[in-house]
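Chemist: First, the structure itself, so that you have it in front of you.
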Amino acid sequence: PYDVLVVGGGAAGASAAIYAARKGVRTGIVADRFGGQMLDTVGIENFISVKATEGAKLVANLEEHVRDYDVDIITDQLANDITEATEEGEMVTVELASGATLYSRSVIVATGARWRKMNVKGESAYLNHGVHFCHHCDGNFYTGKKVAVIGGGNSGIEAAIDLAAITEHVTVLEFADTLRADEVLQQRANDTANLTIIKMALTTEVIGDGKKMNGLRYEDRNSGEQHQLNVDGVFVQIGLQPNSEFLVDKIERNGRQEIITDKKGATSMTGVFAAGDVTDSPYKQIIIAMGSGSTAALTATDYLVRFPAS
Ligand code: FAD
């Protein structure tokens with residue numbers, strides 16, 4: 001059994017494990033793949049104190065840092081159920097899809113999230129070569145260039161306004177005939193000279209030269225006409241899905257299925273804490289996930305001190 005079991009091996013999970021292990025408690029990480037979303041990232045230029053790095057490199061550094069401590073790392077395993085401790089200080093149970101069961105006096109859920117994809121031709125082929133999900137992360141690569149944003153919800157319009165400040169032009173493609181973004185954001189978008197919004201647009205393909213994307217194809221859902229938009233990059237903003245399904249209704253989540261935590265990372269389940277993109281934290285970034293991972297670990301170890309094993 002563990003004192004702290006971290007479910008998830010991304011930025012949040014790795015940070016949580018290091019903070020827990022440094023307290024001298026029995027610590028484990030169980031994850032599908034160590035590194036999480038960072039493995040899908042090429043350039044990272046906003047990990048403060050490191051001017052520029054790449055996802056794979058940052059993951060390697062992170063793994064080296066975790067392995068410097070006495071942390072059990074179990075990979076290629078998916079958690080699919082969790083059971084609350086009978087009382088504070090007692091064991092929380094984590095069931096794995098493989099059939100195994102892990103026991104720990106505290107659990108930190110750091111299972112992250114995944115961006116919803118358009119599932120159109122060319123999207124995967126040009127991922128990180130024109131196709132992006134995070135404008136805070138990759139917007140700067142398109143300074144002075146033309147980009148598109150898919151989705152007219154709050155995140156799409158916010159991204160479009162942000163991107164308009166650094167790019168030559170932004171086109172928003174929205175599937176429906178109205179935008180779901182808040183009125184104030186829509187006003188701002190309308191007042192932005194280099195921002196165009198096209199509604200009733202079904203994106204059908206990402207096109208490019210084999211190395212880098214150079215445009216999008218979309219269908220006008222009113223007329224059925226096909227159009228081509230020449231852009232250097234596209235930011236897909238049609239939703240971020242937290243990996244919280246395995247919790248079913250056992251831990252309180254918000255309407256977006258994000259785990260609700262307090263400022264210290266505590267969840268509604270005794271002995272269970274959460275960190276990173278799977279939570280209701282307002283911004284999803286590596287540095288933020290790491291900060292919340294360390295917060296959750298400090299709260300978990302504090303809990304262990306207050307409720308020692310019986
Ligand atoms: P994740 O990285 O999603 O890790 C989740 C972990 O949980 C993984 O180990 C996964 O395998 C595991 N897991 C999931 N479900 C289960 C389960 N049921 N059982 C066991 N394990 C499970 N942020 C920046 O700050 N700068 C950037 O430049 C940047 N670029 C990005 C580019 C891309 C393409 C993407 C997708 C994201 C980018 N981000 C960037 C966002 C950043 O990667 C995330 O905010 C951060 O990595 C979240 O960390 P996390 O640990 O919360 O979750």
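Chemist: Of the residues that sit in segment 4-34 and are of a type in the set (Gly, Ala, Ser) and not in a helix (DSSP H, G or I), which one is farthest from the ligand (Cβ to nearest atom)?
Modeler: Taking the candidates together, the pick is Gly24.
Chemist: In segment 60-76, how many residues are within 11 Å of the ligand (Cβ to nearest atom) and out of contact with any Phe, Trp or Tyr (no Cβ under 7 Å at 6 or more places or on another chain)?
Modeler: Count: 3.
Chemist: Now, a different point. Would you confirm whether or not segment 52-75 contains a residue that is under 19 Å from the mean Cα position of the chain (by Cα), under 20 Å from Ile287 (Cβ atoms) and not in a helix (DSSP H, G or I)?
Modeler: Yes, because at least one residue in segment 52-75 is under 19 Å from the mean Cα position of the chain (by Cα), under 20 Å from Ile287 (Cβ atoms) and not in a helix (DSSP H, G or I).
Chemist: Quick check: anything in segment 256-275 within 8 Å of the ligand (Cβ to nearest atom), closer than 28 Å to Gly89 by Cβ and either among the small types (Gly, Ala, Ser) or without any contact (Cβ under 8 Å) to a residue 24 or more places away in the chain (or both)?
Modeler: yes
Chemist: Which residue is surrounded by the most Cβ atoms within 10 Å (Cβ to Cβ), if the candidates are limited to segment 77-99 and must be part of a loop (DSSP other than H, G, I, E, B) and either among the hydroxyl-bearing types (Ser, Thr, Tyr) or within 9 Å of the ligand (Cβ to nearest atom) (or both)?
Modeler: Here the residue is Gln77.
Chemist: From the set of residues in segment 100-118 that are under 18 Å from the mean Cα position of the chain (by Cα) and not aliphatic (A, V, I, L, M), which is surrounded by the most Cβ atoms within 10 Å (Cβ to Cβ)?
Modeler: Filtering first and then ranking leaves Thr111.
Chemist: Determine if segment 270-279 includes at least one residue that is in a loop (DSSP other than H, G, I, E, B) and farther than 21 Å from Asp3 by Cβ.
Modeler: No: zero hits.
Chemist: Something else: Out of (1) within 16 Å of the ligand (Cβ to nearest atom); (2) surrounded by 15 or more Cβ atoms within 10 Å (Cβ to Cβ), what's the single condition that is false for Pro282?
Modeler: (2)
Chemist: Another one. Go through (1) touching a helix residue (DSSP H, G or I) at 6+ places or on another chain (Cβ under 7 Å); (2) over 30 Å from Gly130 (Cα atoms); (3) not basic (Lys, Arg) one by one and return the number of the condition Val92 breaks.
Modeler: (1)
Chemist: Please indicate, with yes or no, whether at least one residue in segment 148-162 is over 20 Å from the mean Cα position of the chain (by Cα), within 16 Å of the ligand (Cβ to nearest atom) and modelled with pLDDT of 95 or more.
Modeler: There is no residue in segment 148-162 that is over 20 Å from the mean Cα position of the chain (by Cα), within 16 Å of the ligand (Cβ to nearest atom) and modelled with pLDDT of 95 or more.
Chemist: Residues in segment 110-130 that are closer than 18 Å to Gln285 by Cα and within 9 Å of the ligand (Cβ to nearest atom): how many?
Modeler: Selection size over segment 110-130: 7.
The values are calculated or read from the model by the stated rules, or taken from the named source; none is laboratory data. Quick caveat, the model's predicted, so the values are computed rather than measured. No Cβ is skipped: glycine too gets one built from the backbone with ideal geometry, and neighbour counts run over all protein chains shown.
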